[in-house]
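What follows is calculated from the coordinates using simple rules that are stated; it is not laboratory data. Treat the numbers as computed from the prediction; the structure is a model and nothing was measured. Here the Cβ positions follow ideal geometry from the backbone for every residue, glycine too, while neighbour counts run over all protein chains shown.
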Amino acid sequence: MAGGAAIALLLAPGASAGVDDDLYAPYQPPPRTEPSLNASAFAECVDDAPWITYDVTLIDPDGLSTSRDASLVFAKGGERFELPLGTLGPDDRLAGRVLWPAAAVGPDGAGSAWPGWLLEDGVWRDVGEANLGWTRSGAVITLEVNPAAVVAASYPPSTPGCVLGPRPEAAPPAPAPAAPAPRKKVRRLSEFIERYRLEKFPKLLSQL
C-alpha cells in the first residue's frame, strides 16, 4: 500500500514534484536592432552654381532595411520633390556631390540655371516659388534610404564672387572719342602761296 500511495502522489494533478517551469518556457528570440542612418549634407555656391555635398551610411546589423537606394527629399507644405542620389556601396555608404534641384551648369562648369528663375524669350525672370524656388527657403530636407534622417542643409547665399542667378550684363564699353579731322594741308599751302604772291613777289620785281 505504501508503494501505491507514492505512485499516486507522483501522478496527482498539480503536483510539481520540484520541477522548474522555466526550463519549459517558449523560446523568445533576442530583440532586433532597427536600421538607422548616419547622414550629413551641406550646400555651397561654386562657380555660380548651388552644389550639395552629402554622405550617408546605413547602420543595419540585422538586415531589416528594405532598400539600398538613397535620395534627398525636399518638403514644404504640400510640396515634395525627390532627388535620387544612387545606390549604397558594399560598405553600406554613399557620398558625393549633386546640384540643387532645378540648377544646371554649362560646359565650363559655371551655373547656367537656378531654382526660382526662368529664361523666357531670352530674358531671365525671377519667378519666386515656381520652378522649385520653394526649395530655397523653409524646406525640410531628408536623406532617405529606409529609414530616413533629416539633414541640416540650406540653400547657400550669393556672394560678390559667386552669384546664384543670372549675372547682370556688363555695360557696353564707352565709344572711343572721334579722331580729329585731318588738317587740310593742301588748302593751307595754297593760301601761303597766294599770300606770298601778293606780298613778296611785287617787292622782288621792284628790285630788278
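A compact table of results
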read-out	value
Region 132-157 residues near the modelled residue 76 label - backbone nitrogen below 17 Å, point 7 Å along Cα→Cβ	132-143, 151-157
Binned Cα-Cα distances of region 91-173, short to long, each 10 Å bin given as a whole percent	13, 41, 29, 13, 3, 1
Largest to smallest principal axis extent of the C-alpha atoms in region 43-154, angstrom	56, 35, 20
Selection of chymotrypsin sites (Phe, Trp or Tyr not before Pro), region 22-102, meeting DSSP coil and at most 16 other Cβ within 10 Å	27
Derived scalar couplings ³J(HN,Hα) [region 98-104; Karplus, 6.51 cos²θ - 1.76 cosθ + 1.60; whole Hz; x for Gly, Pro]	9, 6, 4, x, 6, 8, 8
Shape of region 76-129, Cα gyration tensor, a/c cut at 1.5	oblate
Karplus-derived HN-Hα couplings along region 105-113 (A = 6.51, B = -1.76, C = 1.60, θ = phi - 60°), whole Hz, x at Gly and Pro	10, x, x, 8, x, 8, x, 10, 7
Under the Karplus curve 6.51 cos²θ - 1.76 cosθ + 1.60, θ = phi - 60°, whole-Hz ³J(HN,Hα) for region 40-50, x wherever Gly or Pro sits	8, 7, 8, 10, 8, 8, 9, 6, 6, 10, x
